[in-house]
1. Would you mind stating whether GLY90 is outside any strand (DSSP E or B) and surrounded by fewer than 22 Cβ atoms within 10 Å (Cβ to Cβ)?
2. Has the stretch 156-179 got at least one residue that is of a type in the set (Lys, Arg) and closer than 20 Å to ASP199 by Cβ?
3. From the list SER175, SER161, pick out the single residue that is touching a strand residue (DSSP E or B) at 6+ places or on another chain (Cβ under 6 Å), over 23 Å from GLN317 (Cα atoms) and free of Cβ contacts under 8 Å to residues at least 24 places away in the same chain.
4. Just wondering, is there one or more residues in the stretch 107-124 that are within 14 Å of the ligand (Cβ to nearest atom), out of contact with any Gly (no Cβ under 6 Å at 6 or more places or on another chain) and in contact (Cβ under 8 Å) with a residue 60 or more places away in the chain?
5. Hey, can you tell me all the residues within the stretch 76-124 that are β-branched (Val, Ile, Thr), modelled with pLDDT of 80 or more and within 19 Å of LEU11 (Cβ to Cβ)?
6. Taking the residues in the stretch 282-299 that are closer than 15 Å to SER321 by Cβ and of a type in the set (Phe, Trp, Tyr) as candidates, determine which candidate is surrounded by the most Cβ atoms within 10 Å (Cβ to Cβ).
7. In the stretch 2-26, what count of residues is obtained for those that are within 16 Å of the ligand (Cβ to nearest atom) and open to solvent by less than 10 Å² (accessible area, probe 1.4 Å)?
8. For the condition assigned by the TED database to the domain that holds GLY16, more than 16 Å from the ligand (Cβ to nearest atom), surrounded by fewer than 22 Cβ atoms within 10 Å (Cβ to Cβ) and under 19 Å from LYS264 (Cα atoms), what is the one hit in ASP143, ASP95?
Amino acid sequence: MSNGLIPATILTGFLGSGKTTLLKRVLSESHGQRIAVIENEFGEENIDNDILVADTEEQIIQMSNGCVCCTIREDLRATLATLAEKRRKGELHFDRVVIETTGLADPGPVAQTFFMDDEVAESFLLDSILTLVDAKHGDGQLDTRQEARRQVGFADQIFLSKADLVDAATLDALSHRIKHMNPRAPQHRVDFGVVPIKDVFDLRGFNLNAKLEIDPAFLDADDHGHHHHGHDHGHEHGPDCGHEHAPGESCDHPHHHRHDDDVKSFVFRSDKPFNPARLEDFLGSIVQIYGPKMLRYKGVLNMKGTERKVIFQGVHQLMGSDLGPKWAPGEKRESRMVFIGIDLPRDVFQAGLSQCLA
Ligand SMILES: Nc1nc2c(ncn2[C@@H]2O[C@H](COP(=O)(O)OP(=O)(O)OP(=O)(O)O)[C@@H](O)[C@H]2O)c(=O)[nH]1
């Protein structure tokens, strides 16, 4: 890579969705790349590790705590720092890193590691988050497991595995449901991990390109109640739904409203420029309140006072922005932001952002 940063890919997906199968395939393809794999699995025994080392020369590092909690960041941070140092000293040779998360993990803290820690940020570039969804069991997992929904929300790229086990209509319905949750992520079917390498690496999904790959018509349709398949909008999940939840958890009612997923996204668009100070204030306060529920947000912004696009992105409370290329002559200077999160109050965001326009 020209900037010397080591690309990192996060591979996520619910238990049994085919992460190891995909990774094993990718490692055995003759792409000429040396890949360091970081495993973050539950339990003392790690069968995956044995499978992976089998016939490849990849470096496997296993994080032993394997737990779904914030301490993962320290482990991962330390592992990444060690990897980078050994690479610098010539003790380890690899071109990229793949982190396979446990099927029960929220990929947020893993992704945040790449923003939070200077040492990590100096050595690594988060290329993308890949999420596998099991075509056979995915629907049920999305109904009942918030981790599964979050994994979809974070994804830069979705792979649908086990499509061989379902009929076309089932696959289609699942794909449609996922698109409602995360319209930005392209979806690809993957059979037993067979996937072209170009769909896996160097997606630069996390670093925003100048364009947001969202079909605005899809979300607009969502707004106006078209294309609904038994979605129930009469009930909002949230703190008032009458049950006890763990902090930050929202409620799961798989039985009475299928597909009323709590992971949703919306787009804010305006052709008026933002006032940078106001926008910073607003975003700063909104992440204080809704940060835990804000899975991913990104945007290309038209800011007053610069001729360049401002590229902005974040995960939970952490966000950052960079200057992008200049707006081309004649190009419509439209700001576009997408927010993907759990039960985010869309009207609060829309109204607040409108107030930040210059
Ligand atoms: N029918 C079918 N089975 C698949 C496909 N991909 C993976 N599998 C099977 O699904 C099972 C689980 O696959 P793994 O790759 O171990 O899944 P994983 O996500 O790593 O699982 P965990 O580590 O438990 O989270 C294995 O028996 C695979 O052979 C597929 O496309 N079709």
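1. The answer is yes for GLY90.
2. Yes - at least one qualifying residue is present in the stretch 156-179.
3. The unique qualifying residue is SER175.
4. Checked the stretch 107-124: at least one residue is within 14 Å of the ligand (Cβ to nearest atom), out of contact with any Gly (no Cβ under 6 Å at 6 or more places or on another chain) and in contact (Cβ under 8 Å) with a residue 60 or more places away in the chain.
5. Hits for the stretch 76-124 are THR79, VAL97, VAL98, ILE99, THR101, VAL110, THR113, VAL120.
6. Step by step, filter the stretch 282-299, then rank; the result is TYR297.
7. 9
8. Only one candidate passes the filter, namely ASP143.
The values are calculated or read from the model by the stated rules, or taken from the named source; none is laboratory data. What you are looking at is a predicted structure, and each value in this text was computed from that prediction instead of being measured. In this analysis, Cβ positions are derived from the backbone assuming ideal geometry, glycine residues included, and neighbour counts consider all displayed protein chains. Each accessible area value is taken on the protein alone, full model and side chains, heavy atoms only, with ligands, DNA and RNA left out. Shrake-Rupley method; radii C 1.70, N 1.55, O 1.52, S 1.80 Å.
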